[in-house]
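> Structure incoming, see below.
Readers should treat all values here as calculations from the given coordinates under stated rules, not as data from a laboratory. Keep in mind that this is a model prediction, so the values were computed, not measured. In this analysis, Cβ positions are derived from the backbone assuming ideal geometry, glycine residues included, and neighbour counts consider all displayed protein chains.
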Amino acid sequence: MIDVLLLGTSGMHPTSDRWLSSVLLRCDGDLILFDCGEGTQIPWRRSHWGFRRLTTICLSHWHADHIVGLPGVLFSVANARRTEPVTLYGPRGVAPIVAGLRVIVPDLPFDLNVIELDDGDAFTLAAAMTGHVLLGQHGLPSLAYRLDLARARRFDRDRAEALQVPRRHWRNLQHGQDVTWDKGSATPNDVLSPPRRGISFGFVTDTRPLPGHVSLVHDVDLLICEGTYGDPGDNHKANERGHMTFAEAATLARDARVRALWLTHFSPALQDPSAWLPEATARFSPTTLGYSGLTTRLSFAADE
Ligand SMILES: [Zn+2]
Ligand SMILES: [Zn+2]
């Protein structure tokens, strides 16, 4: 399962009631942070999820509202006595910027490994978790992310016994290895269920909607997407500044057949996002307006 916690929902700068847009995921106790604007650690502290288990940071891009909180978060992770490495992913060109921010937190008790990703790259976060990115359209390199948590195929004991597979080989078959023994052989397909749907998550911000986003986040359980502007009259601003309106985010969610959409990264000028929610729900009804502290649990389907 994956727990999702929306830390903040503001774009450009925080407001008196909205922190900057960032998201925290928790899987097997480990934490994955998406974007890290100024003050990210404040709503994070309120969550009581702790800092020590932060394994991964995924940055969309290096505009200030997505990266300035990094030194403070790294300091808090250090203060929580983490010693294991942390991996930071971001678009090509992010490494010298992170190095610049590191000047003010030079001594960390853990290694910070910075990995620059190109359009279409895939990466591995944990044994069963993979990521994919797509380069957006925002005036500077900006990445949209998809994460997938794979689900193991079910092991059919009855079938293994019928095939007289020795028990010492069961684990190998579960791990996808062919086995042979003195009286026979078996392959994983002989004893494992068909592949099962895993859990998937998408994070798309600070970009115009592109056709590639539809395939990137196809069928994800939850898409967190920017809706910088609500008023359709602000379409030209979204176009000029490399952002999306509520209607565009909802159209992406609908076209990608995602299961649920949370809107975030609201323009500070958007004082009451709920006034424009119908712009999204008219196109994609399972849309929720993001707020700091909004949380959900994404679980494997019960009936598979
Ligand atoms: Zn932004
Ligand atoms: Zn930006």
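> From the phi angles alone, apply the Karplus equation (6.51, -1.76, 1.60; θ = phi - 60°) to the range 282-297 and give each ³J(HN,Hα) in whole Hz, x where the residue is Gly or Pro.
5, 9, 8, 5, x, 9, 10, 6, x, 8, 4, x, 5, 9, 7, 10
> State, to one decimal in nm, how far the label point of His236 lies from the label point of Arg46, with both points 7 Å from Cα in the Cβ direction.
Simple spin-label model gives 3.7 nm for this pair.
> Another question, then. What are the ³J(HN,Hα) values, in whole Hz, obtained from phi via the Karplus relation 6.51 cos²θ - 1.76 cosθ + 1.60 with θ = phi - 60°, for each residue of the range 172-182 in sequence order, with x given for Gly and Pro?
4, 4, 4, 8, x, 9, 5, 10, 9, 9, 4
> Using only Cα atoms, find the angle between the long axis of helix 246-255 and the longest principal axis of the chain, and express it within 0 to 90 degrees, rounded to the nearest 10.
It is inclined by approximately 20 degrees.
> R0 = 30 Å: FRET efficiency of Lys183 with Ala152, Cβ-based, nearest 0.05?
Calculated transfer efficiency: 0.65.
> What is the sum of charges, Lys and Arg at +1 and Asp and Glu at -1, for the other residues whose Cβ falls under 14 Å from the Cβ of Ile224?
Residues near Ile224 contribute -3 overall.
> Calculate how many DSSP beta bridges within the chain are antiparallel, expressed in % of all such bridges and rounded to the nearest 5.
If we restrict to bridges inside the chain, about 55 percent are antiparallel.
> I'd like the FRET efficiency for Asp219 and Ser193, computed as 1/(1 + (r/R0)^6) with the beta carbon distance as r and R0 of 25 Å, rounded to 0.05.
0.80
> Within the range 109-143, which residues have the backbone N less than 19 Å from the label spot 7 Å out from Arg208 along Cα→beta-carbon, could you tell me?
119-120, 134-143
> With a sphere of radius 14 Å drawn around the Cβ of Met244, what net charge do the other residues whose Cβ falls strictly inside it have (Lys, Arg +1; Asp, Glu -1)?
Residues near Met244 contribute -3 overall.
> How big is the equivalent ellipsoid of the range 41-114 along its three axes, where each semi-axis is √(5λ) from the Cα gyration tensor, reported in whole Å from largest to smallest?
19, 14, 11
> Give me the log10 of I(q) over I(0) for the chain at q = 0.10, 0.11 Å⁻¹, as the Debye formula computes it from C-alpha points; what are the numbers?
Those come out to -0.58, -0.68, one per q.
> Could you list Ile57, Ile2, Ile42, Ile224 in order of exposure, starting from the residue whose Cβ has the fewest other Cβ atoms within 10 Å?
Ile42, Ile2, Ile57, Ile224
> Moving on to the next point. By count of other Cβ within 10 Å, fewest leading, how are Met244, Met129 ordered?
Met129, Met244
> Averaged across orientations, what area in nm² does the convex hull of the alpha carbons in the range 159-247 project?
One quarter of the hull surface, i.e. the mean projection, equals 8.0 nm².
> What's the FRET efficiency of Ala99 with Met1 using the Cβ-Cβ distance as r and R₀ = 22 Å, to the nearest 0.05?
Efficiency at R0 = 22 Å is approximately 0.05.
> On to the next question. Quick one: Cα centre-to-centre distance for the range 9-63 and the range 142-194, in angstrom?
Cα centroid to Cα centroid, the span is 37 Å.
> Consider all pairwise Cα distances in the range 75-191 and report the whole-number % of them above 20 Å.
63 percent
> Below 15 angstrom from the Cβ of Arg53, what's the summed charge of the other residues (Lys, Arg +1; Asp, Glu -1)?
+1
> A further question follows. Compute the acute angle (0 to 90°) between the alpha-carbon long axis of helix 70-79 and the principal axis of greatest extent of the alpha-carbon atoms of the chain; round to the nearest 10°.
With both axes taken from Cα atoms, the answer is about 50 degrees.
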